[in-house]
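Below is one structure, written out as structure tokens; comments come after it.
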Amino acid sequence: MKTHTLETAGADLVYDVRGPLPTSDGRPPLLMIGQPMDASGFATLTSRFPERTIVTYDPRGLGRSVRKDGRTDHAPRTQADDVHAVIEALGAGPVEMFASSGGAVTALAVVEKYPSDVTTLVAHEPPLITLTPDGPAAVRARAGVRGAYEKRGWGAGMAAFVAMTSWAGEFTDAYFAQPAADPAAFGMPTEDDGSRDDPLLSDRSWAVSGYRPDADAITAAPTRVVIAVGEESEDLLTARTSAAAAELLGQKVVVFPSHHGGFCGGEFGQPGKPDEFALRLRQVLDGAA
């Protein structure tokens, strides 16, 4: 693996390249992106593709990529510019892309803005909450997570986030009538750590979850776009947002093994099924979707 730093006007973007460029197999490089997860989250999945040249990167302001623009928010179109800059720096032509969570939102913005950058995009569980039928209620639930974080710190905020993302179906009055989630019940700290800048729990990533893709631009692009959902997500929030995104693009979701982090090993405490996930990803990239 070789690590590079790309200096742009707004950030120094750090990315890793595993394998040769130009690629040895004649296929495009496979770029994997997440948000707010950085490149470290793809360590398990990349190991399942030893034959491919794989590129991972840290979005600006996350991991090793240092912002210089004075901002703290995470905006999909800004991150799309960053991904485009990385693709250009690779000098290997268009890429194939696997993008997860907020990274899938960024990836859709890339296809909108730079349609010749990506040949195939597998967008796994983009959290586009305003696309769901209960969008206003989902926005209210998101605000509740931020409120818990602002009031009582990381443990309370994360407990509220888990409660929100574990709720099955639309956000009804029953959801909002629940008592505040107890961080101790999830094995999380109950004391306030003083932080208020977490990209997942604050409002810094609201531009990601509130993004509305340009369906006309995406469907007009030459990119083959696949919206993927984990089989264990069922009717949880990110499964519902995935279905809504697929419907927006006039397609159906493609089912992958496991859950929202199904490509991970046990490094983040909720292991997925990385072997099965990688096999499915390989099949989809090869056109079996």
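Of 30, 6, which has the most accessible area and how do the rest follow, probe 1.4 Å?
6, 30
At 1.4 Å probe size, with no ligands or nucleic acids counted, give the accessible surface of residue 73 in Å², nearest ten.
Result for residue 73: roughly 50 Å² accessible.
Calculate, in nm to one decimal, what residue 235 and residue 247 gain on full extension: separation in residues at 0.36 nm each, minus their alpha carbon distance.
Difference between extended and current length: 2.8 nm.
Tally Lys and Arg at +1 and Asp and Glu at -1 over the other residues with C-beta under 10 Å from the C-beta of residue 256: what net charge comes out?
Surrounding charge for residue 256 is -2.
Can you list residues from other chains, or at least 5 along the same chain, whose modelled amide H is less than 5 Å from the amide H of residue 224?
120, 121
Just read off the accessible area of residue 154 with the full protein assembly in place, 1.4 Å probe, to the nearest 10 Å².
Counting only protein heavy atoms, the figure is 80 Å².
Taking 0.36 nm per intervening residue step and subtracting the Cα-Cα distance, what contour gain separates residue 286 from residue 168 on full extension?
Value of the extension gain: 39.2 nm.
If packing is taken as the average count of other Cβ atoms within 10 Å, what order do 94-105, 238-249 fall into, highest mean first?
94-105, 238-249
Report, in deg cm²/dmol and to the nearest 500, the calculated mean residue ellipticity at 222 nm for the chain, where each DSSP H run with n ≥ 4 adds -39500 (n - 2.57) and the sum is divided by the residue count.
-10500 deg cm²/dmol
Work out how much length residue 1 to residue 72 would gain on full extension: take 0.36 nm times their residue separation and subtract the Cα-Cα distance, in nm to one decimal.
That works out to 22.6 nm of additional length.
What nm distance separates the two modelled labels at residue 119 and residue 216, each placed 7 Å from Cα along Cα→Cβ?
Simple spin-label model gives 3.0 nm for this pair.
Working with all protein chains in place, sort 84, 74 by solvent-accessible area computed with a 1.4 Å probe, largest first.
Solvent-accessible surface, decreasing: 84, 74.
Per residue of region 77-82, what does 6.51 cos²θ - 1.76 cosθ + 1.60 with θ = phi - 60° give for ³J(HN,Hα)? Whole Hz please, x for Gly and Pro, Karplus curve as stated.
6, 5, 5, 4, 4, 5
Sort 218-228, 175-185 for me by packing, meaning the mean count of neighbouring Cβ atoms within 10 Å per residue, highest on top.
Ranked by mean Cβ neighbours within 10 Å, highest first: 218-228, 175-185.
Just to check I understand the Karplus step: with θ = phi - 60° and J = 6.51 cos²θ - 1.76 cosθ + 1.60, what whole-Hz values come out for region 26-39, glycine and proline as x?
Those phi angles translate into x, 8, x, x, 9, 9, 10, 9, x, 5, x, 5, 9, 4 Hz.
Taking the simple approach of a point 7 Å from Cα along Cα-to-Cβ for both residue 140 and residue 192, what is their distance in nm?
2.6 nm
By per-residue mean of other Cβ atoms within 10 Å, what is the highest-first order of 229-236, 12-19?
12-19, 229-236
For the chain, restrict the atom set to alpha-carbon positions and state the Rg and Dmax in Å.
Answer for the chain, Rg first and Dmax second: 18.3, 57 Å.
The values are calculated or read from the model by the stated rules, or taken from the named source; none is laboratory data. None of these values were measured; they are calculated from a predicted model. Using ideal geometry, Cβ is built from the backbone for each residue, glycine included, and neighbour counts are taken over all protein chains shown. The area values use the complete protein model at the heavy-atom level, side chains included, leaving out ligands, DNA and RNA. Shrake-Rupley method; radii C 1.70, N 1.55, O 1.52, S 1.80 Å.
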